[in-house]
1. Computed from the mean reciprocal separation of all distinct C-alpha pairs, what Kirkwood hydrodynamic radius does segment 34-84 have, in Å?
2. Between T134 and Q121, what length comes free when the chain is fully extended (0.36 nm per residue of separation minus the Cα-Cα distance, one decimal in nm)?
3. Can you run phi through the Karplus equation (6.51, -1.76, 1.60; θ = phi - 60°) for segment 32-45 and list ³J(HN,Hα) in whole Hz, with x for Gly and Pro?
4. I need to check one value: relative contact order of the chain, counting alpha carbon pairs closer than 8 Å and at least 6 residues apart, in percent.
5. Taking just the alpha carbons, could you work out the radius of gyration and Dmax for the chain, both in angstroms?
6. Would you mind getting me the FRET efficiency between A54 and S11? Use the beta-carbon distance for r and R0 = 41 Å, nearest 0.05.
7. Could you tell me which of the pairs K7/K112; K98/K124; K43/K145 are separated by over 30 angstrom between their Cα atoms in the structure shown?
8. Using +1 on the beta carbon of Lys and Arg, -1 on that of Asp and Glu, and nothing else charged, what's the dipole of the chain about the Cα centre, debye to 20?
Amino acid sequence: MSDAPLKINLSDEELASEGRSFDPLPTGNYICNITDIELRESKSEKNPGAPYWAVEMTVQEGPHIDRKIWANVMLWAGAAFSLVQLLKATNMLNVDDKNNVIVPSADDLVGKQVLAVVKKQRDKYAEERDGDGTPQFKNEVKGFKNPSEAKVAVGAKSGAGSLLP
């Protein structure tokens with residue numbers, strides 16, 4: 001290898017890049033695109049090996065545009081509330097005459113838009129893990145709605161707190 005300095009021709013967008021915050025988003029409703037879904041197996045004692053989707057979403061508007069939100073969507077009877085909400089939100093709920101939900105491919109959901117109902121809450125696991133007494137917070141997706149249910153409040157800024165279900 002040469003001792004010459006490495007040169008990289010950067011775009012204006014790359015040069016304008018700033019550090020990003022990983023602080024939890026404020027409680028609110030966020031218009032998001034589903035950007036990735038990974039099929040995983042539960043490691044819980046109660047439901048070992050049960051399938052679920054780890055869903056990644058990207059905020060599409062407001063002051064938190066391009067921020068990521070994650071949710072777990074359980075794929076078994078008795079825990080399928082978030083699955084039903086997600087499928088309703090994307091207009092993909094398909095139920096047969098015996099109340100069996102026909103689960104679409106995860107690939108069919110990637111790119112779909114949803115209204116994610118997000119709550120900022122204490123992260124007791126992280127607080128116990130770190131043990132220094134500092135309060136820590138995380139986001140939890142409490143539900144999914146169809147983006148058509150979002151209405152921007154009159155006079156409000158776009159983003160968290162301004163979307164009404």
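The values are calculated or read from the model by the stated rules, or taken from the named source; none is laboratory data. Since the structure is predicted, the reported quantities are computational estimates derived from the model, not experimental observations. Every residue, glycine as well, gets a Cβ built from its backbone with ideal geometry; the counts of neighbours run over all protein chains shown. In case anyone asks, the SASA skips ligands and DNA or RNA and just uses the protein heavy atoms, side chains included. Shrake-Rupley method; radii C 1.70, N 1.55, O 1.52, S 1.80 Å.
1. When all Cα pairs of segment 34-84 are included, the Kirkwood radius is 12.0 Å.
2. 3.3 nm
3. Running phi through 6.51 cos²θ - 1.76 cosθ + 1.60 with θ = phi - 60° gives 10, 9, 6, 9, 6, 9, 10, 7, 10, 10, 5, 10, 5, 5 Hz.
4. Relative contact order, the chain: 26 percent.
5. When restricted to the Cα atoms of the chain, Rg and Dmax are 19.5, 71 Å.
6. Numbers: r = 31 Å, r/R0 = 0.76.
Here the calculated transfer efficiency is 0.85.
7. Details: K7/K112 39 Å; K98/K124 40 Å; K43/K145 28 Å.
Flagged as over cut-off: K7/K112; K98/K124.
8. 720
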